[in-house]
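Values quoted throughout were computed directly from the atomic coordinates according to the rules given, and no laboratory measurement underlies them. Quick caveat: nothing in here was measured; it's all calculated off a predicted structure. Backbone-built Cβ (ideal geometry, glycine too); neighbour counts: all protein chains shown.
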Amino acid sequence: MTQRQSRHRRSDEQWQGNRRAQSGGTPGQSEQSYGQSGQTHGRMFRSAVGLPDETRQAMVGMLNQSLADTTDLMTQCKFAHWNVKGMNFYQLHLLFDEVAETFEGHADIIAERATALGGEANGTARAAAANTRIPEISPDVTTGPEYVEALVERVGMHANNLRREIELAV
């Protein structure tokens with residue numbers, strides 16, 4: 001271990017010790033409840049972001065809610081991609097895959113924002129299923145136009161949720 005790494009480690013250990021003394025938590029983390037989404041507790045880590053802890057925790061909660069919705073929407077696009085039938089099958093098959101890839105990129109950005117704030121990105125399929133606000137596509141949907149309509153409705157819900165969260169964050 002270099003001298004610089006040693007100093008950095010001591011600094012981290014001191015910071016963690018101070019946080020533990022303040023919160024009664026475990027080394028390097030503190031259990032916090034996130035935002036208004038009612039998501040399960042998550043860990044908060046040291047961050048150089050100059051925001052108060054409460055603000056960071058609330059932002060991480062909103063980001064994790066957005067991550068759950070985005071991940072769910074991505075998988076619903078993949079579901080449409082795999083299951084679409086009827087006219088224009090091939091074009092819609094490609095479109096739904098492209099939209100799913102776009103949401104995958106969005107999910108990655110959202111998760112990285114949560115960790116940059118010192119939070120933990122709860123981006124598992126299980127977390128998405130438990131916390132999403134996006135309704136499931138009906139099993140009765142099978143044709144291209146039905147999938148398009150269902151996805152347009154869900155993307156609109158997601159966009160409205162994101163706008164509300166942006167307004168709350170600013």
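Quick look at the values:
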{"quantity": "Long-range HN-HN contacts of R43 with modeled amide H, under 5 Å", "calculated": "E120"}
{"quantity": "At 1.002 mPa s and 20 °C, Stokes diffusion of the range 67-120 via Kirkwood alpha-carbon radius, µm² per second", "calculated": "180"}
{"quantity": "Two-site label geometry, D140 and A125: point separation in nm, points 7 Å out along Cα→Cβ", "calculated": "2.7"}
{"quantity": "Förster radius 25 Å - calculated FRET efficiency between I166 and E54, Cβ distance, rounded to 0.05", "calculated": "0.85"}
{"quantity": "Compactness of the range 51-170, expressed as Rg and Dmax over alpha-carbon positions, Å", "calculated": "15.5, 54"}
{"quantity": "T115-M87 FRET efficiency (beta carbon distance; Förster radius 41 Å; 0.05 resolution)", "calculated": "0.40"}
{"quantity": "Principal axes of the range 39-93: Cα extent on each, largest first, Å", "calculated": "54, 21, 14"}
{"quantity": "Förster radius 35 Å - calculated FRET efficiency between S47 and M157 (Cβ-Cβ, nearest 0.05)", "calculated": "0.70"}
{"quantity": "Karplus-derived 3J(HN,Hα), 6.51/-1.76/1.60, for each residue of the range 67-72, Hz, glycine and proline x", "calculated": "5, 4, 5, 5, 5, 5"}
